[in-house]
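In what follows, a structure is listed as structure tokens, so that the remarks can point back to it.
The values are calculated or read from the model by the stated rules, or taken from the named source; none is laboratory data. Quantities reported herein were computed from a predicted structural model and do not represent experimental measurements. All Cβ positions, glycine included, derive from the backbone under ideal geometry; neighbour counts span all protein chains shown. Areas reflect the complete protein model, heavy atoms only, side chains present, ligands, DNA and RNA absent. Shrake-Rupley method; radii C 1.70, N 1.55, O 1.52, S 1.80 Å.
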Amino acid sequence: LKGTPFEKSIALHQPAKRAIGAAAGALCEPGEGVIIDGGSTTYQMCDHLDGKGLQVLTNSLHIVNALLPQTGTRILLPSGAVFREQNIILSPFENDVTRNFYARRMFMGAQGLGPLGLMEADPLLIQAEQKLIDQADDLIVLVDSSKFNKRSSLILCGLKRIATVITDSGIEDRHAAMLEAAGVTLIVAGREETKSEKSSVGS
């Protein structure tokens, strides 16, 4: 499995990722089921979920470890193989717990984000993440602003599948316009929504 080891990823853009994680955690409603895909930005959500009584399906052992002290948070894992570099579980099985889990929202990061949609570098990751996406109503993407200038060879899903993107204030106007044109709600962590961002909500 290709990709940057988790320990390296988590050290990059830390303030932005913490702000994005806090904004994502604020979207979770008490008692609901959510899917949190493994990643250094989604990991930053964990501290903001305590006390909400969530049911969390995750493929990340880092996220499991962060949620274990939260006695009111129920944690579910898919079955599959552990990939040590990123400490995630990728399931090759069609009949694992994933297919029986319904989530109002799925939170995930990405290798890159552009006009064609979310991008990842590894076919195994694409296959596992597409299965998770199928179980959620709304797909919420957590990416620091550097990800808008990164590209990869594989498309995970198009912009139309994304309900919301949470990023930091480094996002360029052209990238914000790209999301608005696709009907994606934009949340810029650490600042109030602008009028144009509010107008895109629910579009």
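Odds and ends about this structure:
- Which numbered condition Gln70 misses (of (1) outside any loop (DSSP other than H, G, I, E, B); (2) over 19 Å from Asp137 (Cβ atoms)): (1)
- Within region 107-144, the set of residues being touching a residue at least 24 places away in the same chain (Cβ under 8 Å), assigned to a loop (DSSP other than H, G, I, E, B) and farther than 12 Å from Val165 by Cβ comprises Gln111, Pro115, Leu116, Ala121, Asp122, Gln135.
- Unmet requirement for Ala177, which otherwise passes all of (1) of a type outside the set (Ser, Thr, Tyr); (2) at pLDDT below 90; (3) surrounded by fewer than 21 Cβ atoms within 10 Å (Cβ to Cβ): (2)
- A count restricted to region 113-122 and to residues that are at negative phi and either of a type in the set (Val, Ile, Thr) or surrounded by fewer than 20 Cβ atoms within 10 Å (Cβ to Cβ) (or both) stands at 5.
- Looking across region 26-79 at every residue that is touching a residue at least 40 places away in the same chain (Cβ under 8 Å) and among the aliphatic types (A, V, I, L, M), the one that is most open to solvent (accessible area, probe 1.4 Å) is identified as Leu27.
- Scanning region 152-170 for residues that are buried (at least 19 other Cβ atoms within 10 Å of the Cβ) and either under 10 Å from Leu139 (Cα atoms) or among the hydrophobic types (A, V, I, L, M, F, W, C) (or both) yields Leu156, Cys157, Leu159, Ile162, Thr164, Val165, Ile166.
- If you go through region 145-182 and keep only what is assigned to a loop (DSSP other than H, G, I, E, B) and farther than 22 Å from Ala23 by Cβ, you end up with Arg151, Ser152, Ser153, Gly158.
- Subset of region 114-144 [closer than 19 Å to Arg18 by Cα, at pLDDT 95 or above and not β-branched (Val, Ile, Thr)]: Leu142
- Some residue of region 82-91 being at pLDDT 95 or above, open to solvent by less than 20 Å² (accessible area, probe 1.4 Å) and either out of contact with any Ser or Thr (no Cβ under 7 Å at 6 or more places or on another chain) or not in a loop (DSSP other than H, G, I, E, B) (or both): no
- Exactly one residue out of Ser145, Ser152 is in contact with a strand residue (DSSP E or B) (Cβ under 6 Å, 6 or more places away or on another chain), of a type outside the set (Val, Ile, Thr) and closer than 14 Å to Thr41 by Cβ, and it is Ser145.
- Subset tally (residues that are farther than 28 Å from Ser169 by Cα and not in a loop (DSSP other than H, G, I, E, B)) for region 19-55: 2
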